[in-house]
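To keep things clear, I will list the structure first and then write my remarks on it.
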Amino acid sequence: MLLTITSTTPPATDLGYLLHKSPFRLQSFPLSFGKAHVFYPEAANERCTAALLLDVDPVGLVRNRRGPSGEGGTLDQYVNDRPYVASSFLSVAIARVLGSALGGKSKDKPELVDVQLPLSAKLSVVSVRGGEKFLRRLFEPLGYEVSVVHHQLDEKFPEWGESFCYTLELNGNVKLRDLLTHIYVLIPVLDNEKHYWVGDDEVEKLLRHGSGWLSTHPEKEEITKRYLKYRRDLAREALARLVEEEAPNAEAAVVVHDNEEAIIERPLLLNEQRMKAVVAALKNCGAKRVIDLGCGEGKLIRSLLEDRAFDEIVGVDVSHRALEIAHERLKLDRLPARQRERLKLMQGSLTYRDKRLAGFDAATVIEVIEHLDESRLAAFERVLFEFARPAFVVLTTPNVEYNACFETLPAGKLRHKDHRFEWTRAQFSNWVNHIAEQYGYDVRTLPVGPEDAALGAPTQMAIFASKN
Ligand code: SAH
């Protein structure tokens, strides 16, 4: 099984930096099912090709088989196609041997990681259930030019007909990590066999690697179903969580956030009041380790850093741009080491389960939920209240009733164009009560900002405390 990747952009040998593999020597890696070798059949300034050769040991496969019995019928036999076709073994090898490149890291030339290059990948051979049409339906929507050679079962006996095997070539202007990711996810989908047991963490894996392209792929249902090997419960969960991609909107949100919403709310100094209320609530809970979810440009983080009560502060946002701004505004590069150690910023989404979100005394979610589509709220609820499960959660969102009090806001308009909804006090209260009941938390709601007798306060805050 052979994968080659060719770059023709001088200096083409930069491919070695991107793959973390020197073009000038052969490297071999033992894997549980055989061996992987990386080498470069050509390495010149104008053209450089890296090869990943997989040597699968079919006998070892049967002897060392792990997982529940009955897994993958073909693996029961010593003679099978696994050494010869690209399959989930190739995906495992990519993750093990080219893991840094797959993750978009380059130690020596990080600036190359985000560069789109004209790249060509050739796979000899892929096993495809669904024919050439399916092959094209998978790769063409991702922008690749696809060339395919279909192989006969046996050249000497044409009457035996065609095999499932194809030689596949993909050409595109892509980032290397995206090319590897597409191959990583889609090869097992083409092959429709997996050598390992499909469990719950496969959903996470698929969503992580599918981030940025799977939710808009026209074949996303078939890809999900096959990737999760027809485990309908898992496929349903994955599809529900894939409904849409928030990142682009979130990116847009942060840039205009300051301008639009802050201008409307400015006369009230609402932002300052909100931060004070949140910090007070956190201190009241005795929280020392706090994670700020949807931290944006780091307004709350600044207040937390100033207060010695908080030992460990983590800010998470889906938007890289927001995190960059936070990094600058908080002057992280110039903080004294002791201060710097208290704070970490990380990119992540609140609607995907993430182990890094667990283990905190308190989580804050300040003016964030209204940026999530209502259809994604259920995913967010589980991520935070079921999986991350901090002892306390402090959450704020606008009170839409109060909008009538903003002179500069036309009637019926929300405070920000990225807001998917703004709730009345009754709607908010229903939602927080439902969460408290479902996930075992106590909750109370509080007004933040100047209160209007009839319409309430501009911001509504909920404080959740875990019952166990
Ligand atoms: N909490 C900050 C920012 C609020 S703006 C403050 O009070 O100033 C909303 C923030 O939520 C934006 O920075 C946006 O990038 C982020 N966001 C939106 N959807 C998200 C998601 N699914 N996961 C993580 N962050 C998200």
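The values are calculated or read from the model by the stated rules, or taken from the named source; none is laboratory data. Everything numeric in this text was worked out from a predicted model, so none of it was measured. Because the Cβ atoms are built from the backbone with ideal geometry, glycine has one as well, and the counts that use them run over all protein chains shown. What goes into the accessible areas is simple: the full protein's heavy atoms, side chains included, and nothing from ligands, DNA or RNA. Shrake-Rupley method; radii C 1.70, N 1.55, O 1.52, S 1.80 Å.
Quick look at the values:
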item: Filtered residues of region 105-130 (kept if open to solvent by less than 20 Å² (accessible area, probe 1.4 Å) and without any contact (Cβ under 8 Å) to a residue 24 or more places away in the chain); result: none
item: Single condition V400 does not satisfy, out of (1) open to solvent by 10 Å² or more (accessible area, probe 1.4 Å); (2) within 9 Å of the ligand (Cβ to nearest atom); result: (2)
item: Tally of residues being within 19 Å of the chain's Cα centre (by Cα) and either over 20 Å from L282 (Cα atoms) or surrounded by fewer than 17 Cβ atoms within 10 Å (Cβ to Cβ) (or both) across region 363-380; result: 9
item: Selection status of F29, at pLDDT below 85 and of a type in the set (F, W, Y); result: no
item: Members of region 148-190 found to be touching an Asp or Glu at 6+ places or on another chain (Cβ under 7 Å) and β-branched (V, I, T), listed by number; result: V148
item: Considering residues of region 143-157 that are at pLDDT 90 or above and aliphatic (A, V, I, L, M) only, the residue surrounded by the fewest Cβ atoms within 10 Å (Cβ to Cβ); result: V149
item: When residues of region 333-362 are limited to those that are over 17 Å from the mean Cα position of the chain (by Cα) and surrounded by 16 or more Cβ atoms within 10 Å (Cβ to Cβ), the one farthest from V203 (Cα to Cα); result: R342
item: In region 278-303, the residues that are away from the ligand (no atom under 12 Å from the Cβ) and aliphatic (A, V, I, L, M); result: V279, A280, A281, L282, A287, V290
item: Some residue of region 314-323 being open to solvent by less than 10 Å² (accessible area, probe 1.4 Å), in contact with a Phe, Trp or Tyr (Cβ under 9 Å, 6 or more places away or on another chain), over 18 Å from W431 (Cβ atoms) and within 16 Å of the ligand (Cβ to nearest atom); result: yes
item: Candidates R382, R389, R356 - the one that is out of contact with any helix residue (DSSP H, G or I) (no Cβ under 7 Å at 6 or more places or on another chain) and at positive phi; result: R389
item: Meets criteria (assigned to a strand (DSSP E or B) and at pLDDT 85 or above) for H182; result: no
item: Candidates R338, R334, R389, R353, filtered to the one that is away from the ligand (no atom under 16 Å from the Cβ) and within 25 Å of H434 (Cβ to Cβ); result: R389
item: Odd one out for T13 among (1) touching a Pro at 6+ places or on another chain (Cβ under 8 Å); (2) at pLDDT below 95; result: (2)
item: Which listed residue is open to solvent by 10 Å² or more (accessible area, probe 1.4 Å) and not aliphatic (A, V, I, L, M), from F406, F385; result: F406
item: Residues of region 33-48 satisfying the condition of being touching a helix residue (DSSP H, G or I) at 6+ places or on another chain (Cβ under 8 Å) and not acidic (D, E); result: F33, G34, A36, V38, Y40, A43, A44, N45, R47, C48
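Table: residues versus (1) under 13 Å from E265 (Cβ atoms); (2) assigned to a helix (DSSP H, G or I); (3) aromatic (F, W, Y); (4) under 29 Å from the mean Cα position of the chain (by Cα).
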| site | (1), (2), (3), (4) |
| --- | --- |
| N403 | yes, yes, no, no |
| P410 | no, no, no, no |
| R415 | yes, no, no, yes |
| F428 | no, yes, yes, yes |
| P450 | yes, no, no, no |
| Q460 | no, no, no, no |
